[in-house]
Amino acid sequence: MKTSPLNKRLFKSVLLCCLVALSALSVTATAQTRYIGDELRVPLRTGPSIEFRIINAGIPSGSQLTLLDTNDEGTWSFVRFNNQEGWLQSQFVVNQPIARDRLAAAQAELATLRTQYTELQQQFNDLRDDRMAVDSLYQSLEQERDAALAEVERIRDVSGNAIQLDDRNRELVNRNRVLENENDQLRRMNETLEDTSSQWKMIAGGGLVLAGLITGLLLPILMRRRRSDGWA
């Protein structure tokens, strides 16, 4: 069976597409991200031209130089670097550090600021804890003050009652003294009455004895008189 030219062309096209696809996949699989380095080395020469001899093959970018002079066109600068003096193209001389160094300085400053922020945050937390402790102590002192004021009021009330009780006690003592005096007077009066009663009893007894004696003496006389009268 013979293959037609159309089928051959179709087969070749499919095969070519497959090869292209495989090549693209291979490139994609091996492709990696890379960057162009910014490290630059500038030669230092004995004169303001590329025709002069190089005395330093490469001053690294970002190096600090001392500018001493420039040529009339301003295209070359006479500089001092590490006790070496020479000429280099002015396009490589700038008034400020390169971006890499500025970025490093900025990152260092950022790290310093972060450290300071962390320290300030810690100080803030410590101050907040101290403030909470002071507030708690203040509340405790207020409670103690209120308790002390309440105790003072209680003592004042007790003192007032004590003063009243003392006045009442003095009044009762004075009243007791009056009653004791009255009792003494009554006792003396009772003793006087007892003495008087005893005297009256003695008088009454003496009177009865005297009456008995008189009766004993008069009764025989009266009886004799009655007898005399009867006889008469």
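The values are calculated or read from the model by the stated rules, or taken from the named source; none is laboratory data. This structure is a prediction, so every number in the text was calculated from the model and none was measured. Counting neighbours? That spans all protein chains shown, and the Cβs are built from the backbone with ideal geometry, glycine included. Heads up: the accessible areas ignore ligands, DNA and RNA and are worked out on the full protein's heavy atoms, side chains in. Shrake-Rupley method; radii C 1.70, N 1.55, O 1.52, S 1.80 Å.
Here are a few things to note about the model shown:
- Some residue of segment 89-104 being more than 30 Å from Ile50 (Cβ to Cβ) and open to solvent by less than 90 Å² (accessible area, probe 1.4 Å): yes
- Failed item, numbered, when Val158 is tested on (1) assigned to a helix (DSSP H, G or I); (2) under 30 Å from Glu39 (Cα atoms): (2)
- Of all the listed residues (Arg175, Arg168, Arg188), the sole one being surrounded by 10 or more Cβ atoms within 10 Å (Cβ to Cβ), within 57 Å of the chain's Cα centre (by Cα), at pLDDT 80 or above and not aliphatic (A, V, I, L, M) is Arg168.
- Top-ranked residue of segment 40-60 - restricted to ones that are in a loop (DSSP other than H, G, I, E, B) and either touching a strand residue (DSSP E or B) at 6+ places or on another chain (Cβ under 7 Å) or modelled with pLDDT of 90 or more (or both), ranked as least open to solvent (accessible area, probe 1.4 Å): Gly47
- Residue list for segment 80-92, restricted to those being at pLDDT below 95, under 25 Å from Ala104 (Cα atoms) and either under 60 Å from the mean Cα position of the chain (by Cα) or in a strand (DSSP E or B) (or both): Phe81, Asn82
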